[in-house]
Amino acid sequence: METRSDRGRSRGRGSGGGGGGGGGKDRIDALGRLLTRVLRHMATELSLNVRSDGYVKVEDLLKLNVKTFANVPLRSHTIDDIKEAVRKDNKQRFSLLEENGELLIRANQGHTIKVITLLFRAGNFSSQVPFCLQAVETESLLKPILSAEEVPVCVHGTYKKNLESILESGLKRMQRLHVHFSCGLPTDGEVISGMRRDVNVLIYLDVKKALEGGMKLYISDNRVILTEGFDGSVPVKYFERIESWPDRRPISTQSSS
């Protein structure tokens, strides 16, 4: 299964002619992109068995009937290919775990997989019950942040075009399970994930105030700070400050409307 956006990226990257998936580097890069999409967003759709801590068996993953945007079937890849894709991912999006002789993999953050409610019927009895189908538990996947000292910098990168909406209704998690923050700035060598490098607005979270207000904050294995906020939104009152980037000029936290 190949998405429209996947095909667009494939054409834009210039695969060097033909439809065979390009060279080895492009092949592994395409595999990494597919792993990100499957492990974060498509597990339910593909009937993949995901543990509560986010791990899936690599063996099960390699049985999926899907293709990368390089037009390479996932089934044609090997466990060594998976390991190489994880090793070469510069944002450290994945973790590997060997357990009982089996290799497992998970995405470190960015999931949109949710707990759903199923309607079932048994004989004359019918009821709605919570059923954790492909549900990734935040507490199993992430480490809770308990004090502001743990994360001296907590910043969300965005764009000026989004700012007015953010100032009116807060930072929303959108289709993801969490709002994402970085533990540093786009130019910091240690920042590997949690923020796009082309952002032009930085929103700093007052971590101490957020924790005191009851907001749950977590940090992933690749140092991305995440929160569900309150009802999926981080209110403006928890913003410490807003700056333009890269000139670092202060921006008012007051909406113009």
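What strands (runs of 3 or more DSSP E) lie completely within the stretch 185-257 and have 1 or more residues being in contact (Cβ under 8 Å) with a residue 24 or more places away in the chain and under 29 Å from Y55 (Cα atoms)? In the stretch 185-257, the matching strands (runs of 3 or more DSSP E) lie at 217-219, 224-227. Residues in the stretch 174-183 include none that are without any contact (Cβ under 8 Å) to a residue 60 or more places away in the chain, over 30 Å from R106 (Cα atoms) and not assigned by TED's automatic domain parsing to the domain that holds K88. From the list G232, G213, the lone residue that is small (G, A, S), modelled with pLDDT under 95 and either surrounded by fewer than 15 Cβ atoms within 10 Å (Cβ to Cβ) or within 19 Å of R197 (Cα to Cα) (or both) is G213.
Is it true that some residue in the stretch 28-45 is in a loop (DSSP other than H, G, I, E, B), modelled with pLDDT under 75 and among the hydroxyl-bearing types (S, T, Y)?
Let us first name the residues in the stretch 28-45 that are in a loop (DSSP other than H, G, I, E, B), namely 43-45.
From what is left, the residues that are modelled with pLDDT under 75 are 43-44.
From what is left, the residues that are among the hydroxyl-bearing types (S, T, Y) are 44.
Yes; the residues of the stretch 28-45 include at least one that is in a loop (DSSP other than H, G, I, E, B), modelled with pLDDT under 75 and among the hydroxyl-bearing types (S, T, Y).
Every test in (1) surrounded by fewer than 19 Cβ atoms within 10 Å (Cβ to Cβ); (2) assigned to a helix (DSSP H, G or I) is passed by L167 save one, and that test is (1). Taken over the stretch 170-183, the criterion of being at pLDDT 80 or above and surrounded by fewer than 18 Cβ atoms within 10 Å (Cβ to Cβ) is satisfied by K172, M174. Given the criteria assigned to a loop (DSSP other than H, G, I, E, B) and modelled with pLDDT of 85 or more, does K63 qualify? Judged against the criteria, K63 is a match.
Looking only at residues in the stretch 170-184 that are in a loop (DSSP other than H, G, I, E, B) and of a type in the set (A, V, I, L, M, F, W, C), the one that is farthest from K143 (Cα to Cα) is M174. Against the conditions (1) in the same structural domain as L171 (by TED's automatic domain parsing); (2) over 20 Å from Q175 (Cβ atoms), E228 satisfies every one except (2).
Scanning the stretch 75-113 for residues that are surrounded by fewer than 21 Cβ atoms within 10 Å (Cβ to Cβ), outside any strand (DSSP E or B) and more than 19 Å from the chain's Cα centre (by Cα) yields R75, S76, T78, I79, D80, D81, K83, E84, N100, G101. In summary, S255 fulfils each of the numbered conditions (1) surrounded by 13 or more Cβ atoms within 10 Å (Cβ to Cβ); (2) under 23 Å from Q109 (Cα atoms); (3) of a type in the set (G, A, S) with the single exception of condition (2).
The values are calculated or read from the model by the stated rules, or taken from the named source; none is laboratory data. Remember, predicted model here, so these are calculated numbers, not experimental data. Cβ: placed from backbone, ideal geometry, glycine included. Neighbour counts: every protein chain shown.
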